[in-house]
1. Condition test on Gly88, is it part of a loop (DSSP other than H, G, I, E, B), open to solvent by 20 Å² or more (accessible area, probe 1.4 Å) and among the small types (Gly, Ala, Ser)?
2. Every residue in the stretch 34-71 that is buried (at least 18 other Cβ atoms within 10 Å of the Cβ), among the aromatic types (Phe, Trp, Tyr) and in a helix (DSSP H, G or I), please.
3. Restricting to the stretch 155-181, give me the number of residues that are crowded, with 16+ Cβ neighbours inside 10 Å and either in a helix (DSSP H, G or I) or touching a strand residue (DSSP E or B) at 6+ places or on another chain (Cβ under 7 Å) (or both).
4. For the stretch 57-70, check the following and say yes or no: at least one residue is under 30 Å from Ile185 (Cα atoms), under 18 Å from the mean Cα position of the chain (by Cα) and modelled with pLDDT under 95.
5. Confirm whether Thr131 is touching a residue at least 12 places away in the same chain (Cβ under 8 Å) and either open to solvent by 20 Å² or more (accessible area, probe 1.4 Å) or of a type in the set (A, V, I, L, M) (or both).
6. Does Glu74 qualify as being open to solvent by 60 Å² or more (accessible area, probe 1.4 Å) and within 26 Å of Asp15 (Cβ to Cβ)?
7. Mind checking whether some residue in the stretch 58-71 is more than 22 Å from Thr131 (Cβ to Cβ) and among the hydrophobic types (A, V, I, L, M, F, W, C)?
Amino acid sequence: MSSPDAGPPSSTVADTSRRTAVLDVALTTFARFGYRKTSMEAVAQAAHISRPGLYFLFSSKEVLFRAAVTQVLERDITAVEHVLADTGRPLPERLVEAFDQWAGRYIGPLTRDVTEVIEANPDLLGETAETAPRRFEELITAAIASETGREAALAVAQTMISASIGLKHQAPSREFFLERLKVAIDLLAR
């Protein structure tokens, strides 16, 4: 019998790792072909598992899509929380990195497709499409308020988010996005 401190059995860790890998492959496949043209067979082939194995993990394409998007959004929010919690760094630097984790890494040919497939299918995502952006806004607002004490922290956060959305659609590269975003944050975080 294992002790309670031994952690999860290795098969559970392997199952979780496999599920995570399948969800990553699924999101890439959805991004490449779009939601409607992506089949469970295509995802299974890309993930190097059988179609019945994929159906064992996810009962339908909709469930798979929702799980893949939820995983990436949760990963993004966790990264943003980590970046903003590092109060030893200047606020503007943390904000730029937080926006990079949230949006900047989705700038580029294939990564832009990820954003497009998510934005084109909000009805499939349920509340995830609303809760993750709301949580991001809360994190940015809290970071600004705690550092500056500004009552207008929400308005500043919302303006930064709006600027990042506009830049994301204009940016030919992640570097361009970050360069322009740094200017916007420096102006707004004063």
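The values are calculated or read from the model by the stated rules, or taken from the named source; none is laboratory data. These numbers were taken from a predicted model, which means no experiment stands behind them. Neighbour counts are summed over all protein chains in view; Cβ atoms, including those assigned to glycine, are modelled from backbone coordinates with ideal geometry. All accessible areas refer to the heavy atoms of the entire protein, side chains included, with ligands and DNA or RNA removed. Shrake-Rupley method; radii C 1.70, N 1.55, O 1.52, S 1.80 Å.
1. Details: part of a loop (DSSP other than H, G, I, E, B): yes; open to solvent by 20 Å² or more (accessible area, probe 1.4 Å): yes; among the small types (Gly, Ala, Ser): yes.
When the stated conditions are applied, Gly88 passes them.
2. Across the stretch 34-71, the qualifying residue is only Phe65.
3. In the first step, residues of the stretch 155-181 are kept if they are crowded, with 16+ Cβ neighbours inside 10 Å; the result is 156-157, 160-161, 163-164, 167-168, 171, 174, 177-178, 180-181.
The next check asks that each one be either in a helix (DSSP H, G or I) or touching a strand residue (DSSP E or B) at 6+ places or on another chain (Cβ under 7 Å) (or both); those that pass are 156-157, 160-161, 163-164, 167-168, 174, 177-178, 180-181.
Summing the residues that are crowded, with 16+ Cβ neighbours inside 10 Å and either in a helix (DSSP H, G or I) or touching a strand residue (DSSP E or B) at 6+ places or on another chain (Cβ under 7 Å) (or both) in the stretch 155-181 gives 13.
4. Narrowing the stretch 57-70 to residues under 30 Å from Ile185 (Cα atoms): 69-70.
With the extra rule that they be under 18 Å from the mean Cα position of the chain (by Cα), the set shrinks to 69-70.
Subsequent filtering for residues that are modelled with pLDDT under 95 retains 69-70.
Yes: the stretch 57-70 contains one or more residues that are under 30 Å from Ile185 (Cα atoms), under 18 Å from the mean Cα position of the chain (by Cα) and modelled with pLDDT under 95.
5. Details: touching a residue at least 12 places away in the same chain (Cβ under 8 Å): no; either open to solvent by 20 Å² or more (accessible area, probe 1.4 Å) or of a type in the set (A, V, I, L, M) (or both): yes.
No.
6. Numbers: open to solvent by 60 Å² or more (accessible area, probe 1.4 Å): yes; within 26 Å of Asp15 (Cβ to Cβ): yes.
Considered against the rule, which asks whether it is open to solvent by 60 Å² or more (accessible area, probe 1.4 Å) and within 26 Å of Asp15 (Cβ to Cβ), Glu74 comes out as yes.
7. Within the stretch 58-71, none of the residues are more than 22 Å from Thr131 (Cβ to Cβ) and among the hydrophobic types (A, V, I, L, M, F, W, C).
Okay, residues lined up against (1) of a type in the set (A, V, I, L, M, F, W, C); (2) free of Cβ contacts under 8 Å to residues at least 12 places away in the same chain; (3) on the phi < 0 side of the Ramachandran plot:
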{"residue": "Val80", "(1), (2), (3)": "yes, no, yes"}
{"residue": "Pro92", "(1), (2), (3)": "no, no, yes"}
{"residue": "Val96", "(1), (2), (3)": "yes, no, yes"}
{"residue": "Glu127", "(1), (2), (3)": "no, yes, yes"}
{"residue": "Glu137", "(1), (2), (3)": "no, no, yes"}
{"residue": "Arg150", "(1), (2), (3)": "no, yes, yes"}
